[in-house]
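**Student:** Here you go, one structure.
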Amino acid sequence: MRQHKLALCRDHFMEWIPSQTQRAIVTYAMFQADNRLLVAASGGKDSLALWDVLLTLGYQADGLYIDLGIASEDYSHASQAYVERFARKRGLNLIIARAADYLGMGIPDAAANTRRGRDKPCSVCGLTKRHIMNHIAIEGEYDVLVTGHNLDDEAATLFGNTLHWQVGYLQRQWPVLEAKPGLVRKAKPFCRLYERETAAYAFLRSIEYIDEECPYASGAKSIYYKEVLNRMELERPGTKQSFYLSFLRAKGHLQFDDVQEQLAFKHCPECGSLTTSSGLCSFCRVKQRVHDRTILVERK
Ligand code: Q46
Ligand code: ZN
């Protein structure tokens, strides 16, 4: 691992990943030993490796898989099968939610009915996933929702936020997001691990995962940012780590206008989620739009 100037044998690497994860959990006060965790499991290497590491560390962690209804390349069925196999082999509790139960149809069809998702379903997908994850975590009385975001994901997000000086997002970007009434606490215990490291861990632990990207991922800005950062990393190992960790350290000194505090949060009259809009939350607006369009098409 040139980025850490560290070379480990298999056994030590398998100890190093959990110990680094535990260090991040403690450093950023993500959760306590007796908390009930819900792992957002997509079927990819990061979320399944994270679930595995949390169990190794002795945490109580259930899984949540969201069926997005992406039929193209059989993506949703294939990824669900990987999560189910992982949970079954280890006797773990897995919750399966369907986007169609929330929107009346799968993500690609629902997104096609909206202005924001007509070309690409990702923004509708993102807000639907956030809504479902939060809803299930709150209903199931979980203490923390944990996601498998790794250092490459966080560095790419930071790169995009910095490139466009999105102050609100920069202010919010942190390894743990505190709970608010109706909003579950969220944590990213892998935020200091490179994607190569989580992939190596998954491989060495013989975790089977879906290797294919979602068919809608191609052309995503985040992938472009990752490629740019990878080029820099190749020439200067440790660039991604230094970019992200220096940002976390610098945050204490940076003066952001307290955008979050200025925003008045209200509860959505439809689903009760926290929202800054005066009416329905963005998820319920999408849901209503999908519903209205469906009725329109049926009438025609
Ligand atoms: S799952 Fe959903 Fe991603 Fe696929 S449709 Fe886009 S947002 S790319 S992480
Ligand atoms: Zn709502």
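Derivation of every value follows stated rules applied to the coordinates shown; laboratory data play no part. For clarity, every value in this text was computed on a predicted model and none was experimentally measured. With ideal geometry, Cβ positions are generated from the backbone for all residues, glycine too; neighbour counts draw on all protein chains shown.
**Student:** Per the helix-only calculation at 222 nm, which mean residue ellipticity applies to the chain, given -39500 (n - 2.57) for every DSSP H run of n ≥ 4 and division by its residues, nearest 500 deg cm²/dmol?
**Tutor:** Theoretical 222 nm ellipticity from helices: -15500 deg cm²/dmol.
**Student:** Once you have the Cα-Cα distance between residue 276 and residue 4, take 0.36 nm times their residue separation minus that, and quote the gain in nm to one decimal.
**Tutor:** 93.8 nm
**Student:** Moving on to the next point. What FRET efficiency do you get for residue 230 and residue 88 if R0 is 30 Å and r is their Cβ-Cβ distance, rounded to the nearest 0.05?
**Tutor:** 0.30
**Student:** Right, something else. Can you find, among 147, 137, 6, the residue farthest towards the positive end of the dipole of the stretch 1-157? Put +1 on the C-beta of Lys and Arg, -1 on that of Asp and Glu.
**Tutor:** 6
**Student:** Also, I was wondering about something else. What is the distance, in nm, between label points placed 7 Å from the Cα along the Cα-to-Cβ direction at residue 72 and at residue 101?
**Tutor:** Distance between the two pseudo-spin positions: 2.6 nm.
**Student:** With just the Cα atoms of the stretch 81-235, tell me how far they stretch along each of the three principal axes, in Å, largest first.
**Tutor:** 45, 43, 33
**Student:** If the viscosity is 0.692 mPa s and the temperature 37 °C, what Stokes-Einstein diffusion coefficient in µm²/s follows for the stretch 1-106 when Rh is the Kirkwood radius over Cα pairs?
**Tutor:** In µm²/s, the coefficient rounds to 211.
**Student:** Additional query: Set the Förster distance to 25 Å, then compute FRET efficiency between residue 220 and residue 167 from the Cβ-Cβ distance, nearest 0.05.
**Tutor:** Efficiency at R0 = 25 Å is approximately 0.65.
**Student:** Just how large is the dipole of the chain about the Cα centre, in debye to the nearest 20, putting +1 at every Lys and Arg Cβ and -1 at every Asp and Glu Cβ?
**Tutor:** 520 debye
**Student:** Grab the stretch 2-255 and count how many Lys pairs have their alpha-carbon atoms under 20 Å apart, sequence gap of 8 or more, or different chains.
**Tutor:** Lysine pair count for the stretch 2-255: 22.
**Student:** Can you check what the net charge comes to around residue 118, using other residues whose Cβ is under 13 Å from the Cβ of residue 118 (Lys, Arg +1; Asp, Glu -1)?
**Tutor:** Local charge sum for residue 118: +3.
**Student:** What cysteines in the chain have no other cysteine with a beta carbon less than 4.7 Å from their beta carbon?
**Tutor:** Among the cysteines of the chain, those whose Cβ sits 4.7 Å or more from every other are 9, 122, 125, 191, 214, 271, 284.
**Student:** I would also like to ask the following. If each Cα of the stretch 125-208 is one equal point scatterer, what is log10 of I(q)/I(0) from the Debye formula at q = 0.10, 0.14, 0.15 Å⁻¹?
**Tutor:** -0.31, -0.61, -0.69
**Student:** Next question, about the same structure. Starting from the exponent 0.38 and prefactor 2.2 Å, build the expected Rg for the chain from its residue count and divide its actual Cα Rg by it.
**Tutor:** 1.02
**Student:** Determine, for 188, 129, the number of other Cβ atoms within 10 Å of each Cβ, and report the residues in order from fewest to most.
**Tutor:** If I rank by nearby Cβ atoms, fewest first, I get 129, 188.
**Student:** List 26, 167, 144 from most exposed to least, where exposure is judged by having the fewest other Cβ atoms within 10 Å.
**Tutor:** 26, 167, 144
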